[in-house]
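Notes follow the structure.
The values are calculated or read from the model by the stated rules, or taken from the named source; none is laboratory data. It should be emphasised that the depicted structure is a prediction, and the values quoted were computed from it without experimental measurement. Every residue, glycine among them, receives a Cβ derived from its backbone with ideal geometry; neighbour counts consider all protein chains shown. Side chains included, ligands, DNA and RNA excluded: accessible areas come from the protein's heavy atoms. Shrake-Rupley method; radii C 1.70, N 1.55, O 1.52, S 1.80 Å.
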Amino acid sequence: MFHFLQILQKLRAIYFNSVIHYPIWVVTLVILIAATLATQLHNLKIDASSDALTLEYDKDLDYFREVSERYQSGDFLVVTYKPNGDLMSNETLVHLQSLKEELLTIDGVESANSILDVPLLYSPKVSLLDIARGIKTLQDEGVDRELATKEFTTNPIYKDMLLGPDGKTTALLLNLSIDKQFIELVRARDALRLQRDTTGLTAVEAARLQAVSEEFLAYSTAATKKSHERVQGVRDVVAKYKGDAQIFLGGVSMITADMVDFIGSDIVVFGIGIIVFIIVILSIIFRQWQFVVLPLTTCLLAVVIMLGFLASIDWRLTIISANFVALLLIVSLALTIHLIVRYREASATSPEADKSQWVRETASAMVKPCIYTVLTTMVAFVSLVVSGIRPVIDFGWMMTIGLLVSFCLAFLVIPSGLMLLPTTRVDNTTDNSGAFTMIFSRFTEKNGKLIVVLGIVAAIISVVGIKQLEVENRFIDYFHSSTEIHQGMLVIDQQLGGTITLDIILDHKKPEAAKTIQVNSQTQVQNTQSEFDNDEFGFDEFADDEFASDDFGDGEFAQDEFAGDDFASENSSTDSESSDPFKSYWMTQAGLKQITQLHNYLDSLSEVGKVQSLATMYQVANDLRGSELSDFELALMRRALPDDIADFLIKPYLLGSLDQTRITMRVKETDPELRRQELIKKVQHYVVNELGFDEENVHITGVLVLYNNMLQSLFTSQILTIGAVFIGILIMFLVLFRSIVLSLIALVPNMLAALVVLGGMGMAGIPLDMMTITIAAIAVGIGVDNAIHYIYRFRREFSVDRNYIAAMHRSHGSIGKAMYYTSVTIIVGFSILALSKFIPSIYFGLLTGLAMFAAIIASLTLLPKLLLMLKPLGKENY
């Protein structure tokens, strides 16, 4: 222990010798470090990918990627199109066709579906034979456009997908190519990460994880750039056509690209706004240029060094950590203000001393409380690591490192700068902040009971509000109504069947029949052959009417081929599946009726928009046939359908090799009654309990599920982060104050501040999201700075005359000023986040400001009252 103290004494001597006798070298070294790291700023990247919006190790995310690859259902963009004139006029259709052709030239746009090229089945009504021969589209001559318009709004295939209920708003669905390499890399990386955090990795596996992570990072960077360029390319094309139509762009990749732009814009706006604010607030508080330049320089150096560091190791900013720059500036400023206030106090109380003594006294007096305030704030940010949400975790670590950098810079740049800059007389005659803070000390002395009662009432009301907290929120509400994201989602939701995808995957398995499947298969062959011989399927009529042999070549659908192909024995199943990818239980009457029942149920739900499945094909086929198709006719039909029709009506919803079907729907994100968790449970319950499926054969996936998983984790994350921060800070207080009573007293005002902000959110109907769950922990972490500084100063003042009331008044008149300055700075600084285009950032700024306001009021009233009541420092001298 003695040896450790000797080391501390030597470090202290080196520190003071450096900042007092060699300040120019200290400042030069800091500037060189900042300049070196600044060269990396151009490498700073922003991540708005699924990694930045989902839970870590979310199994549903892995399954979602698997399904996307399995069904070749890649990302898509939706271009909504509402012409100024008649949608079905020649001029408009030519205009729409031109737009489509230009969009198809963009790299990554694989295909496009629109009213121009989908087959018309009811304009007029066609037969199944017509489908096999080829179907007309809107661009063919002689098409009745009035019938086509009616079909687009009534045909279950196109309804709520290509033409809105208004009959004017249509859509171009741009199908984007699937990035298989991205999926393979991210799945390999995530599997190794999960193994690392559960069972551990061997040296070879660890090296593999490192290699895969680096490869994925490089690949995802290039893929993100391509996606951004693709979205911009679509926008550039669309811009040329906006003179003749109202056009909006929607889709996940567009939202991702726009969020990257929002983050970049917010970083610039927040940075400039807070720098201007720093200059103004310091000029008002200190009224001397030295005390403006030094804190401003320290804050800017902290940001440059941290951003350069992040860029150099390719640690990317996300939606949440976009606030990192603003928060680091604010926290750094609070540190520097405490040092400047203490320096001015030292120079005012000892005007005869020289500058080096003032600097030495300032650093000596402030190093211990500042160390503890920084450590407690770091504990608050480290607590975010337990949230399980990647961007929140990254934000916590970034701020933890940033606080350490800010502390070092504050104690290097401020003292060295004070030694280098000219000495000026500190004028405190115009500083009325001491008088202002004394109002609180006098109020506390006279109205102590009222303060305690008000504190209890505020806590009770806050608890009531917390019980009303929800996690359900609408993604559209994250964006201003003026943004294209908001406007596009609104149009797509209201006119074109919804925005957020939700899929149901059904597996057909027969566990009970596993041992007798071969017997059943042979029996089915015999029964089918017998029925075929007796013409119980009505083949003669069907063949003569719809699928005559003359029309389909030399016996393509002859009796022997059908029997041998569709009802082959088990030994020939592989060949059958390879020649008929759509052979499945789900393409039988029994399977299609189950799908239809589920499809109709989903269609009846108010929050669900467009539903697509094999039931749509079945309904239309039955209607065109004029009667319900038998299994035999279904088999003929699936073999007769042209590839382009099959790819459109069957392939997205059936995987014959796995005997699996997919029902996909789009959910109306703008529906105020949308409750994602309830919707998922309701659908799951219906499929299992009403339709009788085994749970293991039912899988619900989609973007809605991934987003819901993140939302449902927020309550747990909030409890974990708050619990972690209070436990961590209590331990810090016990080490600092060495008194359980004093530690608990210090916690009370900050607990109240956290309760007030969470209760206020609940009562105002503001839901928890990825950003707002960080507010309570951050507010507590920053708010405890006031408690530490106040109690540290209170103990010092109490030792003078051992009088609690006198110590309170002196503490309010000294450290109370610094608390007042820093709190005003933090509150107004966070309010600057209201300039964001991202609504959660606005909530984050304003609510954190509210929490800090509650914290400073409690620290200047409730905290001293508890000290007066409980007398944790011992008896007074009377």
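How high is the FRET efficiency from ALA222 to GLN246, r the C-beta distance, R0 41 Å, rounded to 0.05?
After rounding, the FRET efficiency stands at 0.75.
Could you give me the percent of Cα pairs per 5 Å distance bin for the stretch 293-450, shortest bin first, beginning at zero and ending with the bin that holds the maximum distance?
Bins of 5 Å from zero give 1, 8, 15, 16, 15, 13, 11, 9, 7, 3, 1, 0 percent of pairs.
Roughly how many Å² of SER387 are accessible to a 1.4 Å probe, to the nearest 10?
Here the accessible area works out near 10 Å².
Quick one: check the C-alpha center-to-center distance for the stretch 273-313 versus the stretch 703-759, whole angstrom.
Using only Cα atoms to place each centre, the spacing works out to 29 Å.
Within the stretch 600-657, which trypsin sites (Lys or Arg not before Pro) sit in a loop by DSSP and count at most 10 neighbouring Cβ atoms inside 10 Å?
Here no trypsin sites (Lys or Arg not before Pro) fit, given the DSSP loop and packing criteria.
At a Förster radius of 60 Å, what calculated FRET efficiency corresponds to the Cβ-Cβ distance of LEU868 and VAL268, to the nearest 0.05?
Efficiency, rounded to the nearest 0.05: 0.80.
Per residue, how much accessible area does the chain have with a 1.4 Å probe, in Å²?
Using a 1.4 Å probe on heavy atoms only, each residue of the chain averages 43 Å².
Label-point separation (nm) for LEU104 and LYS875, each offset 7 Å from Cα along Cα-to-Cβ?
9.5 nm
Determine the equivalent ellipsoid of the stretch 168-305 by diagonalising the alpha-carbon gyration tensor, then write out the semi-axes as square roots of 5 times the eigenvalues, largest first, rounded to whole Å.
Each semi-axis is the square root of five times an eigenvalue, giving 40, 33, 11 Å.
Amide H of ASP659 versus every other amide H placed in the peptide plane: which residues, excluding those fewer than 5 positions away on the same chain, fall under 5 Å?
Result for ASP659 returns nothing.
Across 20 Å bins from the origin, how do the percents of Cα pairs in the chain run, short distances first?
All Cα pairs, binned at 20 Å, distribute as 13, 37, 28, 16, 6, 1 percent.
Spin-label point model (7 Å from Cα, Cβ direction): what's the ILE439 to SER606 distance in nm?
Between ILE439 and SER606, the label points sit 5.0 nm apart.
With θ taken as phi - 60° and the coefficients 6.51, -1.76 and 1.60, list the Karplus ³J(HN,Hα) couplings across the stretch 453-464 in order, rounded to whole Hz; mark glycine and proline as x.
4, 4, x, 5, 4, 4, 5, 5, 4, 5, 4, 4
Could you work out, for the stretch 746-878, what percent of all Cα-Cα pairs fall into each 10 Å distance bin, beginning at 0 Å and stopping at the bin that holds the largest distance?
Bin by bin from 0 Å, the calculated values are 13, 40, 26, 15, 6, 1.
Run the numbers for ASP694 and GLU470: contour at 0.36 nm per residue of separation, minus the present Cα-Cα distance, in nm.
Length gained between ASP694 and GLU470: 77.5 nm.
Between GLU484 and VAL94, what is 0.36 nm times their sequence separation minus the Cα-Cα distance? Round to one decimal in nm.
Result for the pair: 137.9 nm of gain on full extension.
Per q in 0.11, 0.12, 0.13 1/Å, what log10 I(q)/I(0) does a Debye calculation on the alpha-carbon atoms of the stretch 674-772 return?
Values returned for q = 0.11, 0.12, 0.13 Å⁻¹ are -0.56, -0.62, -0.68.
What distance in nm separates the simple spin-label points at ASP86 and THR153, each placed 7 Å from Cα in the Cβ direction?
1.5 nm
Please work out how much length the chain gains when fully extended from VAL735 to ALA206, using 0.36 nm per residue of separation minus the C-alpha to C-alpha distance, in nm with one decimal.
186.6 nm
Using a 1.4 Å probe, how large is the accessible area of TYR686, given in Å² and rounded to the nearest 10?
Counting only protein heavy atoms, TYR686 exposes about 40 Å² to solvent.
Just the Cα atoms of the stretch 142-189: what Rg and Dmax do they give in Å?
In order Rg, Dmax, the Cα atoms of the stretch 142-189 give 17.9, 55 Å.
Could you give me the ³J(HN,Hα) list for the stretch 24-41, computed from phi with Karplus coefficients 6.51, -1.76, 1.60 and θ = phi - 60°, whole Hz, x at Gly and Pro?
Per-residue couplings from phi come out as 5, 6, 4, 5, 4, 4, 4, 5, 5, 4, 5, 5, 4, 5, 5, 5, 8, 4 Hz.
Once neighbouring chains are kept in place and the probe is 1.4 Å, which whole percent of the accessible area of the chain is contributed by carbon and sulfur?
After summing per-atom areas, the C and S share lands at 58 percent.
Of the listed peptides 783-792, 264-273, what is their order by residue-averaged count of other C-beta atoms within 10 Å, with the highest listed first?
Ranking the peptides 783-792, 264-273 by packing returns 783-792, 264-273.
Report the local net charge at GLY85: Lys and Arg +1, Asp and Glu -1, summed over other residues whose C-beta lies under 15 Å from its C-beta.
Summing Lys/Arg as +1 and Asp/Glu as -1 gives 0.
If you consider only alpha-carbon coordinates, what radius of gyration and Dmax does the stretch 75-149 have, in Å?
Cα radius of gyration and Dmax of the stretch 75-149 are 13.9, 39 Å respectively.
Can you compute 3J(HN,Hα) from phi for each residue in the stretch 79-86, using the Karplus curve 6.51 cos²θ - 1.76 cosθ + 1.60 with θ = phi - 60°, rounded to whole Hz and x for Gly and Pro?
10, 7, 9, 10, x, 6, x, 6
Hey, with R₀ at 35 Å, roughly what FRET efficiency would LYS446 and VAL828 work out to, going by the Cβ-Cβ distance, to 0.05?
0.75
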